[in-house]
Amino acid sequence: MTLLPILLPIRGVVSVALMGAAMLPLASCHSLAGGDAASASTAPVVAELFNGKDLAGWVNVNTSPTTWTVDKDETGAPVIKCTGQPTGILRTAEAYENFVLEFDWKHLSYPGNAGLFVWSDPVCAKGVPFSRSIEVQIMLTPDNVDGEGRTMYTGQGDIFSIWGSSMTPDRPHPGGWERCLPSARTTKGAGEWNHYKVTCNEGVIKLEINGTEVSGCSNVKPRKGYICLESEGTEIWFKNLRLTELPAAALAISPDMTCDLSLAGMRPMFDGLTMAGWKEGTDKGEKAPEHWKMGGNVVRFDGKGTNLWSEGSYGDFEMICDWRWTAEHQGKMKRPFIGLDGNTVKNPDGSDKTMEIEERDGGIYLRGSSKSQVNMWCWPCGSGEVYGYRTDASMPAEVRAAVTPRMNADAPVGQWNRFRIRMVGETLNVWLNGKHVIVDARLPGVAKDGPIALQSHGCPIEFTNVMIDRLDSGR
């Protein structure tokens, strides 16, 4: 739980592409025995979202390979088991517009906390382990047994918007939240299987629990996206995940009603639990990380060690990385203003124009080089600058200008920032908090590939949602 204020006739056979493999129809809404061809052509196809063998067709967004496993339940039926650690999501490989999803779940003990996200973005929102989506609650508390309700939220199938999505609940919430509290309490207790039927159609969501409709909402935005299972602290099992696609809206939905499909290729660079895949050191990493620690899906640097290097090497890629400064800093210092031409701004008397700041300095090395470093700092020009190229007097003026941020787009200290970095050939683009701060900058002589490093520069800093999409043959 995240707490925050083809049923119509169609022609031909419905093809549902799931799990990166061809799916066989599991069931149909009509019995075809003794039926005619017309009946077969209008029958909606129900497809398995879980093949009972592995997690093909699902994408691990920000959790460990150990978080989600395939096993059997007490009857021998295949199940997806979730440990609840770390908090995060597993999503479908495909995005869906209108559909009916049915599945069974059970928590093994009290309390139980998890969720189903629908119409979700493919990656998490900035600074959190959850995606922009509508959450359908899968929570288990003792009030599931004794009938005692909660005023603001329940464990009985609440539906609510999270991290930038929006909706209108079927019934007004007592606190004015975008949250629908259930009309009935039909959830079974710990160790018992519950059945969810979730209908998502043209911006309207309805939830049935064990055969009774209890919650709903309308006016949902966005209304096309991914389906996610949530890990949030406690063990939960899922089985019989079946999806029926419904016809798309007669009038195609607008782009703002669709999740951000451009990030669908992103894959996590950390497993959410350990520092696997990374080494600490001054040059490409020589030892296990000592000053970089993982906790709660956040990588924390204490400011005392050396750089953190990926064991993997990357050529052309796009990555996202959320980062924030802590209260600690390196002291108050005077730092220069940098003009859009990459040169230091001068006062009328010819001296450097400066301002006093609390010094915080870090960066992201691209392709194994400190020269091709995307800076994170508190200088007046803002983060995103490529210091090694801007200060290289041998570089052409247009190169030095292009690696200078177009604007200061940094969030205040203590708040999360998001970098989106795209490196193709020698060309670099950087977005900071949605602002395009480095535009088609050329980095002459940059290596064709190499590891990525999170830079140590003597100041504590935190990272989360570090993900990458290979754009070359190494994908």
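In the range 278-470, a dipole from Cβ-located charges (positive for Lys and Arg, negative for Asp and Glu) runs towards its positive end, and of Leu428, Ile461, Gly388 it is Leu428 whose Cα lies farthest in that direction.
Counting other beta carbons within 10 Å of each residue's own, what order do Thr67, Thr427 fall into, fewest first? Numbers along the way, then the final one.
Numbers: Thr67 22, Thr427 15.
Result, fewest neighbours first: Thr427, Thr67.
Report summary: the helix-based calculation at 222 nm, which adds -39500 (n - 2.57) for every DSSP H run with n ≥ 4 and divides by the residues of the chain, gives -1000 deg cm²/dmol. Extension gain, Leu55 to Ala401: 0.36 nm times the residue separation minus the Cα-Cα distance gives 119.9 nm.
Listed from fewest to most Cβ neighbours within 10 Å, the set Met167, Met376, Met152 follows the order Met152, Met167, Met376.
Placing unit charges on the Cβ atoms of the charged side chains and taking the dipole of the chain about its Cα centre, the candidate lying farthest along the positive direction among Ile162, Met294, Phe419 is Phe419.
Quote the FRET efficiency, to the nearest 0.05, computed for Lys293 versus Thr212 with a Förster distance R0 of 41 Å and r equal to the Cβ-Cβ distance. Kindly include the intermediate steps, with their values, before the conclusion.
Values: r = 46 Å, r/R0 = 1.12.
Using R0 = 41 Å, I get an efficiency of 0.35.
Send over the Kirkwood Rh of the range 377-439, from the inverse of the averaged 1/r over different Cα pairs, rounded to one decimal Å. Walk me through the intermediate numbers first.
Values: mean 1/r = 0.0821 Å⁻¹.
Result for the range 377-439 stands at 12.2 Å.
Sorted ascending by nearby beta carbons within 10 Å, beginning with the fewest, Asp170, Asp121, Asp440 become Asp440, Asp170, Asp121.
Mind scanning Lys353/Lys448; Lys304/Lys346; Lys346/Lys371; Lys279/Lys304; Lys206/Lys239 and naming the pairs with a C-alpha gap bigger than 27 Å? Violating the 27 Å Cα-Cα cut-off are Lys353/Lys448; Lys304/Lys346.
Panel note: the C-alpha atoms of the range 404-475, placed on their principal axes, show extents of 37, 24, 22 Å (largest first).
Normalised radius of gyration for the chain, please: alpha carbon Rg relative to 2.2 N^0.38 Å, two decimal places. Present the calculation step by step, with values, prior to reporting the outcome.
Values: Rg = 25.2 Å, N = 475, 2.2 N^0.38 = 22.9 Å.
Against the compact-globule rule of thumb, the ratio is 1.10.
Pair-distance distribution P(r) for the range 166-243, from all Cα-Cα distances in 5 Å bins starting at 0: 3, 13, 19, 23, 22, 15, 4, 0 percent.
Label sites at Ser370 and His436, each approximated as a point 7 angstrom past Cα along Cα to Cβ, lie 3.3 nm apart.
What is the range 27-261 by shape, rounded, prolate or oblate, if you read a ≥ b ≥ c off the alpha carbon gyration tensor as root eigenvalues and call it rounded for a/c under 1.5, prolate for a/b larger than b/c, and oblate otherwise?
rounded
Its alpha carbons give the range 75-154 an Rg and a Dmax of 14.7, 41 Å.
Three semi-axes describe the equivalent ellipsoid of the range 278-470; taken as square roots of 5 times the Cα gyration tensor eigenvalues and ordered largest first, they are 25, 21, 15 Å.
In terms of the Cα gyration tensor, with a ≥ b ≥ c the square roots of its eigenvalues, is the range 239-328 rounded because a/c is under 1.5, prolate because a/b exceeds b/c, or oblate? Display every interim value, and only then the final one.
Details: a/c = 2.53, a/b = 2.40, b/c = 1.05.
Prolate, because a/c is 1.5 or more and a/b exceeds b/c.
Taking the radius of gyration and the Kirkwood hydrodynamic radius from Cα positions alone, what is the Rg/Rh ratio for the range 247-383, to two decimal places? Result for the range 247-383 is an Rg/Rh of 1.08. With each label modelled as a point 7 angstrom along the Cα→C-beta vector, the Asp472-Asp449 pair spans 0.6 nm. Label reach from Gln415 (point 7 Å along Cα→C-beta): in the range 113-136, amide nitrogens under 14 Å belong to 126-127. No solvent, one uniform scatterer per C-alpha: report log10 I(q)/I(0) for the range 353-406 via the Debye equation at q = 0.26 1/Å, two decimals. Per q value, in the given order, log10 I(q)/I(0) is -1.07.
Here the label points at Asp71 and Ala393, each 7 Å from Cα along the C-beta direction, are separated by 6.6 nm in the simple model. Over the range 149-304, the hull volume per residue, using the convex hull of the C-alpha atoms, is 198 Å³. Projecting the Cα positions of Gln137, Val61, Gly175 onto the charge dipole of the chain (unit charges on Cβ atoms of Lys, Arg, Asp and Glu, taken about the Cα centre) puts Val61 furthest along the positive direction. Pairs from the table (Lys126/Lys224; Lys221/Lys293; Lys106/Lys224; Lys81/Lys287) lying more than 25 angstrom apart at Cα are Lys221/Lys293; Lys106/Lys224; Lys81/Lys287.
Computed from the coordinates by the stated procedures, all read-outs in this text should not be read as laboratory data. Keep in mind it's a predicted model, so treat the numbers as computed, not measured. Using ideal geometry, Cβ is built from the backbone for each residue, glycine included, and neighbour counts are taken over all protein chains shown.
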